[in-house]
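Chemist: Next up is a structure, given as structure tokens.
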Ligand code: AMP
Ligand code: SF4
């Protein structure tokens with residue numbers, strides 16, 4: 001069968017990648033809590049960060065390029081007054097992105113003021129953008145989320161909730177969305193539940209209840225919030241009743257509306273790689289799922305070796321699972337320098353290669369003259385694995401078996417995870433044997449799709465990057 005080549009650039013207007021969003025409502029120091037929550041989710045986006053807050057009368061925004069700790073200082077957090085806020089971390093992609101592409105997006109329109117934060121990717125954004133521009137809209141950014149501002153502003157409904165619903169009826173794709181008006185916070189998750197979004201509770205100093213909505217539950221832990229539940233696919237939560245005084249709390253009301261018929265297909269890659277292991281996403285702890293991936297890998301790939309070593313940090317939990325199931329010793333044979341960012345984000349191949357060397361260093365004493373099993377979560381371009389095998393050989397490893405705790409990545413993601421076009425996905429274009437040869441391992445094995453699903457709890461997931469079966473109507477219509 002001829003391979004379908006998927007080009008990400010062919011129908012996406014822009015990148016609005018895997019990001020983190022946080023909303024706080026009726027919360028003491030709402031922006032400060034948002035800041036800590038964003039800090040805990042820095043792994044989901046390192047390019048830019050921003051927070052919008054509201055005191056019931058006005059929306060205040062501060063955003064900039066850089067890490068959370070670089071973007072905010074005490075003064076600007078103090079300026080973000082009010083007891084409600086939304087925040088956003090933007091994922092870093094190849095090439096430069098302007099400040100206007102960072103979020104929250106803010107606009108004044110005929111119902112007042114609005115700020116929006118979005119995690120995910122709107123698949124039909126380019127078509128909608130062209131239509132809006134044709135009808136006179138003037139865009140300020142390159143991001144798909146801006147479509148929502150225009151659709152909401154142009155709608156004739158008398159309230160924000162109905163305008164959001166009308167806008168979302170036009171849009172397809174992946175979203176965890178937060179809207180902040182001067183008095184309300186509205187959270188919506190797409191009908192497929194592709195991106196994670198959870199609800200938590202905070203008890204304020206005076207005993208009143210506040211709420212937090214965040215991409216990952218690790219955000220709750222840092223600020224002492226209690227995990228309540230996942231926001232359901234196709235569900236909208238409306239938080240109302242904000243106190244206008246900074247000091248005074250209120251009794252907020254939450255209304256839940258099922259605005260779309262759910263068609264749940266959460267992103268399986270959140271478990272494989274993206275989410276933090278201490279988070280609960282899609283109602284399961286990520287670390288436990290990753291350990292299961294390792295156990296399944298050991299069942300499918302029985303190899304004789306002296307030790308199992310993870311590629312830190314992404315392969316640690318799976319390697320522990322593999323070691324437990326196989327009875328082979330677990331060793332930390334590679335040490336990671338934590339002060340180097342993710343290698344995947346570097347624009348050129350050369351820079352990516354150097355960054356692997358900067359980030360990972362093997363312990364020769366442990367691995368010299370040993371047969372080792374190395375576990376990582378995925379092979380995308382193959383650059384990282386190739387470099388890792390090279391440095392392990394230099395450190396004296398005798399035999400190197402590379403096992404990947406996921407199936408081969410064969411198709412790009414159109415739902416908000418930064419994967420390159422098919423032409424750059426090594427497994428989309430080469431046989432297992434030629435990938436092994438390129439990487440330089442003595443053997444190479446992947447987890448099967450079936451075992452991946454078993455390890456993740458046997459639900460229905462989106463796994464399009466592993467099987468090419470896209471789930472939203474727009475992408476399906478392009479790649480039938
Ligand atoms: P590569 O060298 O392109 O094969 O990179 C694979 C490595 O990048 C793996 O070790 C993963 O941990 C990591 N990785 C996989 N997918 C992503 C992604 N979407 N964003 C950032 N890093 C990723
Ligand atoms: Fe997740 Fe892959 Fe689906 Fe993208 S294509 S949403 S990365 S499972």
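Chemist: Relative contact order for the chain using alpha-carbon pairs under 8 Å, separation at least 6, rounded to a whole percent?
Modeler: Taking the mean separation of contacting Cα pairs over the length of the chain, I get 14 percent.
Chemist: So, one more: May I ask for the angle, rounded to the nearest 10°, between helix 30-40 and the longest principal axis of the chain, with both axes built from Cα atoms and the value confined to 0 to 90°?
Modeler: 10
Chemist: Hey, another quick one. From the square roots a ≥ b ≥ c of the eigenvalues of the alpha-carbon gyration tensor of the range 161-284, which class results: rounded (a/c under 1.5), prolate (a/b over b/c), or oblate?
Modeler: Taking the square roots of the gyration eigenvalues as a ≥ b ≥ c, the range 161-284 is oblate.
Chemist: Of the peptides 402-414, 103-115, how do they stack up when ordered by the mean number of other Cβ atoms within 10 Å, highest first?
Modeler: Ranked by mean Cβ neighbours within 10 Å, highest first: 402-414, 103-115.
Chemist: Checking a compactness column here: for the range 77-193, what do you get for Rg(Cα) / (2.2 N^0.38 Å), N being the number of residues?
Modeler: Cα Rg divided by the expected 2.2 N^0.38 Å: 1.04.
Chemist: To two decimal places, what compactness ratio does the range 211-295 give when its Cα radius of gyration is scaled by 2.2 N^0.38 Å? Walk me through the intermediate numbers first.
Modeler: Values: Rg = 16.0 Å, N = 85, 2.2 N^0.38 = 11.9 Å.
In units of the globular-protein estimate, the range 211-295 measures up at 1.35.
Chemist: Which of rounded, prolate or oblate describes the range 20-264 when judged by the alpha-carbon gyration tensor and an a/c cut-off of 1.5?
Modeler: Note, shape of the range 20-264 comes out rounded.
Chemist: Which distance in nm do the two modelled labels at residue 358 and residue 126 give, with both placed 7 Å along the Cα-to-Cβ direction?
Modeler: 3.3
Chemist: Restricting to DSSP H runs of at least four residues, report the calculated mean residue ellipticity at 222 nm for the chain, -39500 (n - 2.57) per run over all residues, nearest 500 deg cm²/dmol.
Modeler: Value at 222 nm, helices only, nearest 500: -8000 deg cm²/dmol.
Chemist: On to the next question. Any chance you could list P(r) for the range 379-480, counting all Cα-Cα pairs in 10 angstrom bins from zero, rounded to whole %?
Modeler: 14, 40, 31, 12, 2, 0
Chemist: Please compute, for the alpha-carbon atoms of the chain, the extent along each of the three principal axes and give them in descending order in Å.
Modeler: 69, 51, 39
Chemist: Which order do the peptides 260-270, 431-441, 28-38 come out in when sorted by mean C-beta neighbours inside 10 angstrom, highest first?
Modeler: Details: 260-270: 20.4, 431-441: 15.4, 28-38: 25.0.
Descending mean neighbour count gives 28-38, 260-270, 431-441.
Chemist: Note down the relative contact order for the range 286-478 as a percent, whole number, built from C-alpha pairs under 8 angstrom at least six residues apart.
Modeler: Contact order relative to length: 21 percent.
Chemist: Oh, and also: Can you give me the convex hull volume of the Cα atoms of the range 376-423, divided per residue and expressed in Å³?
Modeler: 84
Chemist: Taking Rh as the Kirkwood radius, which is the inverse of the mean 1/r over Cα pairs, what is the Rg/Rh value for the range 408-451?
Modeler: Radius of gyration over Kirkwood radius for the range 408-451 works out to 1.01.
Chemist: In whole Å and largest first, what semi-axes does the C-alpha gyration tensor of the range 286-478 yield when each eigenvalue is scaled by 5 and square-rooted?
Modeler: Largest first, the range 286-478 gives 27, 20, 15 Å.
Chemist: What is the distance in Å between the Cα centroid of the range 457-471 and that of the range 250-299?
Modeler: 14
Chemist: Does the range 71-130 come out rounded, prolate or oblate by the C-alpha gyration tensor, with a ≥ b ≥ c the root eigenvalues, rounded set by a/c under 1.5 and, if not, prolate when a/b is larger than b/c and oblate if not?
Modeler: Cα axes put the range 71-130 in the oblate bin.
Where a number appears in this text, it was derived from the coordinates with a stated rule and is not lab data. Keep in mind the model is a prediction, meaning the values are calculated, not measured. In this analysis, Cβ positions are derived from the backbone assuming ideal geometry, glycine residues included, and neighbour counts consider all displayed protein chains.
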